[in-house]
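*Asks:* My questions will all concern the structure given below.
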Amino acid sequence: MKTDIVVPALARVEGEGALYIRLKNGQVDEIQINIYEPPRFFEGLLIGRYFQEVPDLTARICGICPVAYQMSSAMALEQALDVDIAPQVSALRRLLYCGEYIQSHSLHIYMLQAPDLLGHESAISLAGEAPDLVRKALRVKKIGNELMRAIGGRSIHPVNACVGGFYRWPNRQDLTSLQADMEWCLEASIETARWAVTLPYPEFKQVYEFVALHRPDEYAILGGEVISSNNLIIPISQFEEAFLEEHIPYSNALHSRTASGSPYLTGPLARLNLNFAQLGKQARQVCEDIGFIPPLQNPYKSLLARAIELIQICAEAIELIVGYNPRGPSRSEITVKEGEGTGATEAPRGILYHRYVVSAEGMIRHARIVPPTAQNLARMEADLWSLAPNILEMPHEQATQACEHLIRSYDPCISCATHFLKLKVETNDG
């Protein structure tokens, strides 16, 4: 690899950026994931806005996981305002989140990463060889979208969630009518996991510090404690003390590290490894059937982790639909007051942390948002350092694809921290 490599546009990741690899005397000298997409200053835009506007505004940060932004912001503001949430509201929020997981995970598994593993340039190419597989993927994603629409009013940027709960209870018939589809989706997810374990993953085992939310009584999505594979256990309110963001000169996205300066990994691999004991019976049974035993330390196998999570989420969604029988108000009464609160949920790509300071009039005085892709950027670069020596003798195109595939396995949402990857390899021998 003695010439520059430039890939002007890579679909199958969300956002814009570039990868730069510099060689010196035949050795890797520098690696940069350069996020050149302009920052959008959402935190600044929230200053001076009324607290109840925040869930809808932050949802616009991402069209793939808007529910994650709504839920993290609502929970942080509820803590700031001392708002208690009814159990049935929490259950409905989790069901809404299930819809987001279903559509996001199915998109990544079948449309974004599977083509890499099966030697196809795109999902369109894959559809030519395996049309039934792609049709199944589209149906699974559609079911996730329909679930989000039934609860949130629409599938992209739902509008029903608010601080305190929901503006209205969804119609019970709208949800129960999805039960048959969800049962099909559960069976499709089980088939997906059995298929995913057979895929030809590259051999690439890494030692990670996994970080995820944790609850002893359920597979954590909405709140909990922050735990890590290095025995960290802290409340969400201490997140900013344990994980530090820093500006990187070559990137418009912040990089996160632990307080000791190490990169860490959040997302499906972290969740599954740290919360395996909290999986439900269907997901645990499939893991036993396919011989899966944590820890899973290959980033490419995040596809398998997502497939197992799909089983968990679909099974939960069915239970929540069956048990849905709302009574009383759909949102809690709120007494506006001065306060500060933190909230975190598990977006499909990992922990999404929010912190807000609210004035006595209910206006936002300070906002802090830490998205999962920004947390994973330093870890992605560390993985590329491990990968790079193995690709230096590859043909130009093959080396480029190897780097793209590794980054794509993280399912990065770069606009939260389309086209991402200009890979440039520069040599400076002598």
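The values are calculated or read from the model by the stated rules, or taken from the named source; none is laboratory data. Computed from a predicted model, the values in this text were never measured in an experiment. Don't worry about glycine lacking a Cβ; one is built from the backbone with ideal geometry, like all the others, and counts go over all protein chains shown.
*Asks:* For the range 144-160, how many residues meet the condition of being surrounded by fewer than 21 Cβ atoms within 10 Å (Cβ to Cβ), at pLDDT 95 or above and under 19 Å from the mean Cα position of the chain (by Cα)?
*Replies:* 1
*Asks:* Report yes if some residue within the range 40-55 is of a type in the set (S, T, N, Q) and touching a Phe, Trp or Tyr at 6+ places or on another chain (Cβ under 8 Å); otherwise report no.
*Replies:* Within the range 40-55, not a single residue is of a type in the set (S, T, N, Q) and touching a Phe, Trp or Tyr at 6+ places or on another chain (Cβ under 8 Å).
*Asks:* Would you point out which residue out of Ile227, Ile221, Ile234 is buried (at least 19 other Cβ atoms within 10 Å of the Cβ) and either among the basic types (Lys, Arg) or farther than 22 Å from Cys413 by Cα (or both)?
*Replies:* None of the other options fit; the residue is Ile227.
*Asks:* List every residue pair whose Cβ atoms lie under 7 Å apart, where the two residues are 6 or more positions apart in sequence or sit on different chains, the first residue falls within the range 341-353 and is acidic (Asp, Glu), and the second residue, located anywhere, is in a strand (DSSP E or B) and at pLDDT 95 or above.
*Replies:* Glu346/Ala212; Glu346/Leu213
*Asks:* Let me ask another. Tell me the helices (runs of 4 or more DSSP H) entirely within the range 196-309 that contain at least 2 residues that are in contact with an Asp or Glu (Cβ under 9 Å, 6 or more places away or on another chain).
*Replies:* Per the criteria, 268-274.
*Asks:* Collect the residues in the range 81-122 that are over 17 Å from the mean Cα position of the chain (by Cα) and among the hydrophobic types (A, V, I, L, M, F, W, C), keeping them in residue-number order.
*Replies:* Correct list: Leu81, Val83, Ile85, Ala86, Val89, Ala91, Leu92, Ala114, Leu117, Leu118.
*Asks:* Ok, one more. Conditions: (1) among the acidic types (Asp, Glu); (2) touching a strand residue (DSSP E or B) at 6+ places or on another chain (Cβ under 6 Å); (3) modelled with pLDDT of 95 or more. Glu246 meets all but one. Number of the miss?
*Replies:* If we test Glu246 against (1) among the acidic types (Asp, Glu); (2) touching a strand residue (DSSP E or B) at 6+ places or on another chain (Cβ under 6 Å); (3) modelled with pLDDT of 95 or more, just (3) comes out false.
*Asks:* Just name the residue that is surrounded by the most Cβ atoms within 10 Å (Cβ to Cβ) out of those in the range 328-350 that are part of a loop (DSSP other than H, G, I, E, B) and of a type in the set (Gly, Ala, Ser).
*Replies:* Ser330
*Asks:* Could you grab me the full set of residues in the range 131-160 that are small (Gly, Ala, Ser) and either out of contact with any Leu (no Cβ under 7 Å at 6 or more places or on another chain) or over 30 Å from Phe51 (Cα atoms) (or both)?
*Replies:* Scanning the range 131-160 gives Ala137, Gly144, Gly153, Ser155.
*Asks:* Here's another thing I want to ask about it. Check every one of the helices (runs of 4 or more DSSP H) wholly within the range 73-181 and list those with 2 or more residues that are touching a Lys or Arg at 6+ places or on another chain (Cβ under 7 Å).
*Replies:* Counting at least 2 such residues, we get 87-106.
*Asks:* To continue, here is another question. Ala277 - would you say it is of a type in the set (Gly, Ala, Ser), modelled with pLDDT of 95 or more, surrounded by fewer than 24 Cβ atoms within 10 Å (Cβ to Cβ) and over 23 Å from Pro412 (Cα atoms)?
*Replies:* Taking the combined requirement at face value, the residue satisfies it.
*Asks:* Anything in the range 383-399 that is among the hydrophobic types (A, V, I, L, M, F, W, C), within 27 Å of the chain's Cα centre (by Cα) and surrounded by 17 or more Cβ atoms within 10 Å (Cβ to Cβ)? List them, or say none.
*Replies:* Leu384, Leu387, Ala388, Ala399
*Asks:* So for the range 167-182 (the condition being closer than 30 Å to Arg257 by Cα, among the aromatic types (Phe, Trp, Tyr) and buried (at least 16 other Cβ atoms within 10 Å of the Cβ)), does at least one residue qualify?
*Replies:* Checked against the condition, which is being closer than 30 Å to Arg257 by Cα, among the aromatic types (Phe, Trp, Tyr) and buried (at least 16 other Cβ atoms within 10 Å of the Cβ), the range 167-182 yields no hits at all.
*Asks:* Would it be correct to say that Glu361 is under 24 Å from Ser104 (Cβ atoms) and at pLDDT 95 or above?
*Replies:* no
*Asks:* Filtering the range 249-269 down to residues that are among the hydrophobic types (A, V, I, L, M, F, W, C) and surrounded by 17 or more Cβ atoms within 10 Å (Cβ to Cβ), which residue is farthest from Arg40 (Cα to Cα)?
*Replies:* Ranking the qualifying residues of the range 249-269, first place goes to Leu269.
*Asks:* Assuming Ala253 fulfils every condition listed in (1) modelled with pLDDT of 95 or more; (2) farther than 19 Å from Gly343 by Cα; (3) within 18 Å of the chain's Cα centre (by Cα) apart from one, which condition is it?
*Replies:* (1)
*Asks:* Further, regarding this structure: Considering the range 286-339 alone, what residues qualify as being acidic (Asp, Glu) and over 19 Å from the mean Cα position of the chain (by Cα)?
*Replies:* Glu288, Asp289, Glu319, Glu333, Glu338
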